[in-house]
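What follows is a single structure, written as structure tokens, with notes after it.
The values are calculated or read from the model by the stated rules, or taken from the named source; none is laboratory data. Nothing here was measured: the structure is a model prediction, and the numbers come from that model. Because the Cβ atoms are built from the backbone with ideal geometry, glycine has one as well, and the counts that use them run over all protein chains shown. Heads up: the accessible areas ignore ligands, DNA and RNA and are worked out on the full protein's heavy atoms, side chains in. Shrake-Rupley method; radii C 1.70, N 1.55, O 1.52, S 1.80 Å.
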Amino acid sequence: MNLYMMNCELLATCSALGYLEGDTYHKEPDCLESVKDLIRYLRHEDETRDIRQQLGAAQILQNDLVPLVVQHHNDKQLFDAVIRLMVNLTQPALLCFGKVPQDPTFRHHFLQVVSFLQAYKEAFANERIFVVLSEKLYDLLQMDWEQREEEHNLLIERILLLVRNILHVPADPDEEKNVDDDASIHDRVLWASHMSGMDDLVKFLASSETEQQWSMHVLETVSLMFRDQNAEQLAATGQARFSAERATDLKDLELLRQRETAEKKSRVLQRGTRHSRFGGSYIIQGLKSIGDKDIIFHKGLHNFQNYTHDHGKELKRVPKRKQQAKDKETRRRSALNVRLFLKEFCIDFLENCYNRLMYIVKDHLIREKAQQHDETYYLWSTAFFMTFNRVHQFRPELVSETASIRTFHFIEKNLTNYYEMMLTDKKEASSWARRMHLALKAYQELLMTVNEMDHSKDETLRESSKVIKNNIFYMMEYRELFLALFRKFDETKQPRSFLKDLVETTHLFLKMMEKFCKGKSTVMVQSRKVKRKKKKKPSRHVEKPRSSEELEEVWRSISEQLKICAMGSESLPDEIVPFDAASEIPVEEQRTEALVKIQNGLLSGQAGESLVLLRSAREVWPEGDVFGSPESGPEEEVELLKQILLAELPKSTQAEADLDEEEDVEEEVEEEELTSVQVSEREFTFLDYMKRFANSSVVKTYVILLKNYPHNGIHTNHCVVKMLHRIAYDLKMEAFLFQLSIFCIFNRILSDPAGSAYKELVSFSKYILNKFFALAATNNKAYVELLFWKNTNIIREITEGYRKPGEEESDASRKRIKWTPQEEEELQSLYLQYKEVEGVDVIDNILANLKPGTRTRKQIINHLVQMGLAESVKDFKKEIKGTRIVLWTEDQEVELQRLFEEFQETDDILGNIMKHVTAKRSKARTVEKLMSMGLVSDRKELYKKRRRKGKSSGLTEEDFLRDLGVDGRDVDSEEEEDNDFESEEDEEEQTKMEQIPKEKPCRKSELFVDTKIQTILKSLHEEGLSPPVVWLQNCLNRTADDREEDGSSHTVPLVPLTEDNEDAMESKMFQKLLKMVGIRPPANEQESFWRIPAKLNPEQLRKLASFLVLSSPEEATETPTESDDQSPNLDQKAEALRALLLARKKKAPTTVPIEPSELKPQCDDLTTLPHNPRKRRTKQSKKSLFVDSDDEEQEGNEDVLETEEQNPDIPPKISSERSKVAAKRRRLADSDDEEPLSNDQEEQPSTSGAATDSENEDLLPTKKKRLRIEDEEED
């Protein structure tokens, strides 16, 4: 495509833009429409980006668009359209093509677009255009957010994108050919933006609270501004050089001088004294030529040391996929004025913008509000600005946002993600490697900042660094990171610069960890281990075959019952299906299984089931009279059953199959936990951690960097030598470095003319070589070992001695039994013999023909696969025969539904159904059927519920509901916040019950729960929830009436229609009341309402409704009368006794407590007591139980007398002692609460009842008990 031959329409459109006359640009009338047409053309360009290339070749941006922006920026519409077009033209080539094309044609187009972008960047190195852009951006930012419209925000974003695109254009070093301290095109663009004030607007956007939406654009622009800069050099700009820096430069200069001097000496030595024609010929002994003779050397002796057979050979071409990755980062020193203004920008940015901007950007990244791979700008900024802050003036408060544990975690997570993607995404491995390098440099700078804080004079900074180190050394991820990066290092995808940073970061990490562990007795770290749980199957008891005497004993025990069942005198169970119609096993082959089931039934004493199964099997298999003839009589059937019992039959596999299915059902909840990560703590030892680095893959990576030692920095070489020294000296593993490639590097170092500059390398090389030659003196195989990389076991053998030939096999291999050729031939013949036999297991037949105990089933299968006779182990899986009943009849479905409704409220629904169902099936089949019928939505509803164990004072609500005829196990456990309230109520009830004579056990639970219900009703009344209680009572009564009329019962939901009822249903106290009266909460997320259970009959519902009446104190003390002809019952007796005891506690003026046995009610004495179920006693304050005046005492006596008149059947002994108990309690209350009584007051007689008591000689004196008096606390 000829780029200079433009499309006619495109040419006409560009001509309609305008023309440049001198320095003035004259726009055409259709300029705006032409700009819009160009945008439309770019939108429809092809995959080669032809429109973009033609516009670039015509230099439309340089000649037309830039002058339009500079001279006609007051035309708002034209300015917006031109900015929009410029953003499109300057977008990166990588965005245009998606990725770097591999096809040569498309790659040419890609490079062409890049060249046009570089020309655009040079056009923007103009201060005038940046002045216009800065003024427009400033005017837009001055507007309040209420005045800004969508078009204003779009224009701000486009200006920022235009600046971003220009800064993103890569430099062309071949064209520029600039040296350090020279102004490149990028420097000129930066200087133009600085002179126009654009950099100040960028800082304003980064620091403003109202402009947070541009944070990602700002960070991207800032990172592109500093992409060619070195943070350490930038921080040192304009400062006097320190002595340390000067010393480093002097060392580098001395190194170069020594190398130059050595080269001059070598050149002098290479000059021979004789003429070249008389150089002579020599024989090199020990170096063979092509034949068997020594090679003949025809050159001077000065070249002898450099001779090699490789001279003159063509270099082997390395495939592109195996070539080393190249460093694409170019570092150069910008012009001084540019570096000074960039340094000031960094200082201002750190002081005013850094923490806030990095917080916002990280929040966008975590919430995924940014674009893909935008985290790379965050990682670069973290590394660059933290380095600048550390070198310039170390102020940790300026980078506090990133110097934290959260940033460590964020970078480690991204670094691990890049590492995993590099291994999986092979096509984009280089891109992932570059991103991983950015994350590694950010991680390195975080460690260096923490290390700098650790050496600070400020105690606060040292404590902060200690906290950070505690966290990063404790967590396993941070310790394992470097080992993983070393082991998976690939020099074809990761450049040497990555390896250099990795080695230096590891060196710093180990240095900090060693210092952290030094001086501490124990250091605990986190350890994670992926634990794969293998489910242990319960050992199944294998029953021993019974002897004939035992079988005869069994027959004698069940023979009589069998005769009764055969004669029809006893009802037999329903018909049992003796086969599985859906099984893959033919019906005929299930006949033996039926015989085994009959035998097992007889052994377990199930005579009726065995007889029914025999008759059913006779109908299925009538041929052969195996189960008797159809005309068999009862005696013949009994005799046949005896024969089946005494016969030797194979054991049934059905029980095992059912057991496996039951285990599958019960273990479904635990399937997710089979593979779990076990987190624990262990003691950390630095040397044990260092042993992890004693690995050939890690050492190989260090050797790669060591090969390039002349070009490495002094610190890099020190890091490499330090790691090798730790392995060789600290771990005593010098033999790990006995490798030929390492010795070649040592040879280069020792023969280097500038070796004095590498003192550490030289001394370490000599140390390793001395160790090797010392070992070679005792081990003659040491020279051969130089050819191989070694592990710790081989190192031990090299240094301590090799194993003997008999000790080479491991324990596992020694235990392995070998197959002789004769055994293999026998195995092959047996396999071929039984392979084609149908209906039998091949392995079982082979085992039967081999010598017992010599081989297992697994060994035979594995060897058959190894010999190639079978493809896989799966070919020999045993088939489990089953007699599972899959077909469900209509009657069985009705029975299953009835059983589910009956046991639906119990703790073990599935267990109860399995016990009572007629057609026995496995739990798995039953669960599937229940779910298919829609009775349950989740199988978890059928699991056995575990109830919490705990002590309870007195009886519980379950006892109360059980007395009503309801199974109380369906009442859910109450919430934890109500436990304290319950415990207080239980303690008070226990205190009162100790002073109340025991009632009959059959009514004790009702009294206990009724008291708790009254307590809850009182609390609800105080909270203003009395109307919902009345609504609940009406619902129970209406449900009772409906069930009496219909004669059927089903669950009834409680639907609150008023706002008060809805609020009450959300109250914890009201929900507790619902549970106490037996209302069932929603079973799962599909239910919304509480439900009245279907098992409550009308009488129980009305009784529960009667308990929901709040009794007043007056009602509690009244004892209403009833006609004498009313027939009494036990409920009336208990009700009357409750009222009587409450009246005694309040008003009986006695002085001596009576024995509880004397107050035990007798049925004959309570026949005339009335029954009033709506009158209930309530809890009263314990102080209210006592009276403090004689008037109240007298009233109490009158009430007691009145009660005695109404109840003449009460024994006179009980009535005479009431006043004694009350008087004594009154004295104790007065003495405890008010002031001690005088002796005169104590000697005064209380009442006339006391005199009566003194005359009674039958009462024995009892010990005086001090009552505990306390106020009730409101819940």
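Data table
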{"item": "Spin-label model distance (nm) - residue 849 vs residue 352, 7 Å beyond Cα toward Cβ", "result": "9.5"}
{"item": "Hz values of 3J(HN,Hα) by residue in the range 98-109 - Karplus curve (6.51, -1.76, 1.60), Gly and Pro given as x", "result": "x, 7, 5, x, 8, 5, x, 5, 5, 5, 5, 4"}
{"item": "The range 466-496: trypsin sites (Lys or Arg not before Pro) in DSSP coil with no more than 16 other Cβ atoms inside 10 Å", "result": "488"}
{"item": "GluC sites (Glu not before Pro) lying in DSSP loop within the range 603-643, provided at most 12 other Cβ fall within 10 Å", "result": "631"}
{"item": "Size of charge dipole - the range 387-436 - debye, nearest 20, with Cβ of Lys, Arg +1 and Asp, Glu -1, no other charges", "result": "120"}
{"item": "Solvent-accessible surface ranking, highest first, for 784, 842, 113 at 1.4 angstrom", "result": "784, 842, 113"}
{"item": "Backbone N within the range 756-781 under 16 Å of label point (7 Å from residue 743 Cα along the Cβ vector)", "result": "765-781"}
{"item": "Heavy atoms of residue 462 accessible to a 1.4 Å probe, total area in Å² rounded to 10", "result": "80"}
{"item": "Stretchable slack from residue 33 to residue 195, in nm (0.36 nm times residue separation minus alpha-carbon distance)", "result": "55.0 nm"}
{"item": "Residues listed by number, the range 425-442, amide nitrogen under 19 Å from residue 374 label point at 7 Å toward C-beta", "result": "435, 439"}
{"item": "Isotropically averaged projected area of the range 699-802, using the convex hull of Cα atoms (one quarter of hull area), nm²", "result": "6.2"}
{"item": "Chain lengthening between residue 940 and residue 1021 when straightened (0.36 nm per residue, less Cα-Cα)", "result": "25.3 nm"}
{"item": "Residues with amide H under 5 Å from that of residue 297, placed H, sequence gap 5 or more", "result": "282, 283, 284"}
{"item": "Å² of accessible area per residue within the range 1053-1097, as computed with a 1.4 Å probe and no ligands counted", "result": "47"}
{"item": "Under the Karplus curve 6.51 cos²θ - 1.76 cosθ + 1.60, θ = phi - 60°, whole-Hz ³J(HN,Hα) for the range 216-225, x wherever Gly or Pro sits", "result": "5, 5, 5, 5, 5, 5, 5, 5, 6, 5"}
{"item": "Those residues of the range 8-43 whose amide nitrogen sits under 18 Å from the label point placed on residue 115, 7 Å along Cα→Cβ", "result": "none"}
{"item": "Modelled FRET efficiency - R0 56 Å, residue 577 with residue 484, Cβ distances, 0.05 increments", "result": "0.40"}
{"item": "Cleavage-rule hits (GluC sites (Glu not before Pro)) in the range 23-119: DSSP loop, at most 12 neighbouring Cβ within 10 angstrom", "result": "47"}
{"item": "Estimated dipole of the range 288-432 in Debye, rounded to 20 [Cβ of Lys and Arg +1, of Asp and Glu -1, Cα centre]", "result": "720"}
{"item": "Calculated FRET efficiency for the pair residue 523/residue 182, C-beta based, R₀ 45 Å, to 0.05", "result": "0.30"}
{"item": "Sequence of 359, 307 when ordered by accessible area, the most exposed leading, probe 1.4 angstrom", "result": "359, 307"}
{"item": "Mean Cα-pair separation over length for the range 112-206, i.e. relative contact order, pairs under 8 Å, 6 or more apart, %", "result": "52"}
{"item": "Accessible surface of the range 1-127 [probe 1.4 Å, protein heavy atoms]: carbon and sulfur percent", "result": "50"}
{"item": "In sequence order, calculated HN-Hα J values of the range 128-136 (Karplus, 6.51, -1.76, 1.60; Hz; x Gly/Pro)", "result": "5, 5, 5, 5, 5, 5, 5, 5, 5"}
{"item": "Förster-model FRET efficiency, 35 Å R0, residue 514 and residue 679, C-beta, rounded to 0.05", "result": "0.85"}
{"item": "Inter-site label distance for residue 1068 and residue 42 at 7 Å from Cα along Cβ, in nm", "result": "6.4"}
{"item": "Label-point separation in nm, residue 643 to residue 331, each point 7 Å along Cα→Cβ", "result": "9.9"}
{"item": "Extension gain from residue 833 to residue 931, taking 0.36 nm per residue of separation minus the Cα-Cα distance", "result": "30.5 nm"}
{"item": "Compactness of the range 1-80 as Cα Rg over 2.2 N^0.38 Å, two decimals", "result": "1.09"}
{"item": "With all protein chains modelled, accessible area of residue 120 [1.4 Å, Å²]", "result": "10"}
{"item": "Long-range HN-HN contacts of residue 1091 with modeled amide H, under 5 Å", "result": "1054, 1080"}
